[in-house]
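The values are calculated or read from the model by the stated rules, or taken from the named source; none is laboratory data. Keep in mind that this is a model prediction, so the values were computed, not measured. As a convention, Cβ positions derive from the backbone with ideal geometry for all residues, glycine included, and neighbour counts pool all protein chains shown. Ligands, DNA and RNA are excluded from the accessible area calculation, which covers all protein heavy atoms including side chains. Shrake-Rupley method; radii C 1.70, N 1.55, O 1.52, S 1.80 Å.
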Amino acid sequence: MRLAAFVVVFLIAISFTATANSYYVFIMATLALTAIVGIGLNVLLGLTGQVSFGHVGFYAIGAYTVAVLMISAKWSFWLALPVAALLSGLVGALLALPALRVKGPYLAMVTIAFGFIVENLAVEWRAVTGGQNGLMGSMQPGGMGERGVAIASLLVAALATFFFWRLARSRWGEAMRAVRDAETAAESIGLNPVGIKTAAFVISAVWAGVAGAFFASLSGFVTPSTFAFSQSILFVLVVIIGGAGTVSGPLVGAAIVVLLPEVLAGLAEYRLLIFGALLLVVLVVAPDGVVGALTRLFSRQRPARTVGEGTLLPPPVQAGLEVRGLGITFGGVKAAQDVSFEAAPGQVTSLIGPNGAGKTTVLNMLGGFYRPQSGAIRLGGAEIQGRAAWRIARAGLARTYQTTQLFSSMTVAENLAIAASTGGGEALAAFVGYAGDLDTRAAALPHVDKRLVEIARALATRPAVLLLDEPAAGLSREDKARLAQLLRRIADSGVAVVLVEHDMAVVMGISDRIVVLDAGMKIADGTPAEVQRDPAVKKAYLGDERVRHAAKREGEAGEVLLEVGKLAAGYGAEPVLKGIDLNLRSREMIAVLGANGAGKSTLMRAVSGLHRPVSGGIALAGEDIAHLPAHKVVARGVALVPEGRQVFPELSVLDNLRLGAFLRKEILKSEIDDMFDRFPRLRERQHQRAGLLSGGEQQMLAIARGLMARPRLLLLDEPSLGLAPAVIDDLFAALDRLRAEAATILLVDQMAGLALALADRAYVLEGGRIVTSGTTSEIARDGALEKAYLAVDL
């Protein structure tokens, strides 16, 4: 039906052109050529999501190629046309090489530079291009005339539309959309993003070159001024206004861009103003383009398409994963060193460890996203380390991600189909327990269904090894239980499952073996029971029990300063925090402890105003601050030292400290000196850029910057994360001095032992709920920490 409508539209356009006067013939030809370039650009922008503001360069290459070959070499147009297309495609492939190394505005800059290079080459290469004077002569196919060229242009536009329609519906088109939506995930199912993007550049350039060839034939002359940068802007507008990624978008966009100025020709003095205003309205009202807006307006509700239950996972090709001596260093930090383990078919092998242990780094090396600097990775006996991620995926290793990376513009069925080279993708939806509509777009799925579909998509590649990075994150307790059963069924089918997960109940319940990492090194390897008893594991998670060495606190704790009541907060349908109640008195330090994913950082973000709670209250000195923005929370005396330090890297140490006191009218030199006394290393580096400091020095600077605000409440989120043991000792000694000076501090830190040694009281979080609270000595005695961190039964 839709194809018939396109045929009718083009037949009407051709019939009109065959009988119209020369003015309308030229307009119709211009419309057709603009549409052809737009269709080619739609492959690049609409399917792969790459923006090019230099397509006028390919348009010029096509035009000059035909002009030179027909005028100087006396070729016929039909011989020159394929050469123009081929040369444009070749240049497109060459441009793709530097362009694919950058994204976003940098990609646009590369293509803009390309357009200017072509324009200036046309000016300077006078012997071939005629310089500013250009080339002039008869370049039409024999006997066709202007009307014949216009009709031929319309036929080529029809051919280009049909080509795009077939491409968008093919596996190549789906692969392009997959790369656009989630390039990393595309590699994980065996797609080669570089090859796919290069193909898009070549196809797009070929159609622009063809349009340029017909332009030369239509106009009879080509000059550099014809191919100005503004023409590239119009080509991009054609795609965006019409609707990127849609079949008819470039046709509608070309009609608006070409015909609207002609319609407004009578309003000469207001023509550009009206044209610009109409374009602005279209872009604001219909960001998906005219066609996208109309599609949404007239879309019909389709009956849901679901699958049954009870499907079995097809037997995989069984192959074990062997890791030996794996190591990698980032900027002097040993993220992983000498990591060795095996993942056998039919077993769940879990990688666990505290924050910064190197778990995701190891997963990235296994999947090909990091190249190991040492060691070997063998899949079924064949070494795969150093291969591209898409090659490793094709070898039989699939992966899911901590943050789901589905192809958001595609439906559930399309997500599974693009990964299933031999079919059967939809049956996997039933296997993983997805009971929703297969035609629902992935972007509209609830969080739990996104997890299930991502696992089904990974399984669709028929992997021997499945890597899962925190699949239980953000799931409810019931959904976690169903997920655990699913992972067990996947392993029982013969797949080697490698799991990184912070929910210890899930890990201990389904794992055959557990590998424990700390600071990039393997510290334990064994069954769940063996790992739970291992002293090294307990030390990694809970830290050393250390004797408090601070001087006596100045004064007793005062009135309640911070009060949190029934706080619920999160990032999706399932809240991360589920009814948190805590209080903190002035001149008191309390610690909030718990395993990764328990909700500690979410609590800190909520208190500091960076994340708005779903429900519940947060009061500071009796004032409700739950819904205040972060800068107003700071003005009331709350300073956050965020996880990961987040100093201003391009500014000096001194400037970072001054910015900490931004809301104050006056900063005394003695205050700066006081910070340097607290952290002597900062005095030596006060004029250095903060980004050049070591990790420990940056953390000290972040704390000092927070103290410069003279806060009533200091929030410290994971201050020891990623620091060496000696640096951690220095840092906690500084925190101990703050405690002795009666500062009011809310501390979150993975080093539970050190945190307990400093704090007056502690709260333990598990699954977004407070499971125990009390004095630090009570928390250390009752075993709640071991249960929260290692799922040890009490």
Checking the structure you have, find out if any residue of the range 168-187 is in a helix (DSSP H, G or I) and farther than 30 Å from Pro463 by Cβ. no
Count - residues of the range 306-332 that are at pLDDT 80 or above, touching a helix residue (DSSP H, G or I) at 6+ places or on another chain (Cβ under 8 Å) and open to solvent by 80 Å² or more (accessible area, probe 1.4 Å): 0
What residue, of Asn133, Asn192, Asn120, is buried (at least 16 other Cβ atoms within 10 Å of the Cβ) and out of contact with any Cys (no Cβ under 7 Å at 6 or more places or on another chain)? Asn192
When restricted to Gly220, Gly190, the only residue of a type outside the set (S, T, N, Q), touching a Lys or Arg at 6+ places or on another chain (Cβ under 6 Å) and over 19 Å from Leu44 (Cα atoms) is Gly190
Name the residue that is nearest to Asp492 (Cα to Cα), counting only residues in the range 347-375 that are in a strand (DSSP E or B) and in contact with a Gly (Cβ under 7 Å, 6 or more places away or on another chain). Gly375
With respect to the numbered conditions (1) free of Cβ contacts under 8 Å to residues at least 40 places away in the same chain; (2) under 28 Å from the mean Cα position of the chain (by Cα), which one is the sole condition not fulfilled by Glu383? (2)
Given (1) part of a helix (DSSP H, G or I); (2) surrounded by fewer than 18 Cβ atoms within 10 Å (Cβ to Cβ); (3) in contact (Cβ under 8 Å) with a residue 24 or more places away in the chain, Glu530 misses just (3)
Kindly indicate whether Ala208 is under 19 Å from Leu107 (Cβ atoms), under 43 Å from the mean Cα position of the chain (by Cα) and open to solvent by 10 Å² or more (accessible area, probe 1.4 Å). no
Tally, over the range 243-265, of residues that are part of a helix (DSSP H, G or I) and at pLDDT 90 or above: 7
Restricted to the range 771-789 and to residues being within 20 Å of Leu475 (Cβ to Cβ) and of a type in the set (A, V, I, L, M, F, W, C), the residue least open to solvent (accessible area, probe 1.4 Å) is Ala788
Test for Ser230: is it polar (S, T, N, Q) and surrounded by fewer than 21 Cβ atoms within 10 Å (Cβ to Cβ): yes
Of the numbered conditions (1) touching a Pro at 6+ places or on another chain (Cβ under 6 Å); (2) free of Cβ contacts under 8 Å to residues at least 12 places away in the same chain; (3) of a type in the set (A, V, I, L, M), Leu668 fails exactly one; give the number of that condition. (1)
Counting only residues that are part of a helix (DSSP H, G or I), closer than 24 Å to Gly346 by Cα and touching a residue at least 12 places away in the same chain (Cβ under 8 Å), how many does the range 442-484 have? 14
Mind checking whether some residue in the range 141-156 is outside any strand (DSSP E or B) and more than 30 Å from Ala13 (Cβ to Cβ)? no
Quickly run through the range 449-485 and pick out the residues that are under 21 Å from Ala393 (Cβ atoms) and among the aliphatic types (A, V, I, L, M). Leu452, Val453, Ile455, Ala456, Ala458, Leu459, Ala460, Ala464, Val465, Leu466, Leu467, Leu468
Answer yes or no: is there a residue in the range 6-29 that is polar (S, T, N, Q) and over 19 Å from Val149 (Cα atoms). no
Would you mention how many residues in the range 397-410 are open to solvent by 10 Å² or more (accessible area, probe 1.4 Å) and closer than 17 Å to Val498 by Cβ? 3
Would you mention how many residues in the range 631-676 are open to solvent by less than 40 Å² (accessible area, probe 1.4 Å), touching a strand residue (DSSP E or B) at 6+ places or on another chain (Cβ under 7 Å) and farther than 28 Å from Gln750 by Cα? 1
Test for Thr295: is it modelled with pLDDT of 75 or more, open to solvent by 50 Å² or more (accessible area, probe 1.4 Å), in a helix (DSSP H, G or I) and over 29 Å from Val118 (Cα atoms): yes
Is it the case that the range 380-390 has a residue that's assigned to a helix (DSSP H, G or I) and modelled with pLDDT of 90 or more? yes
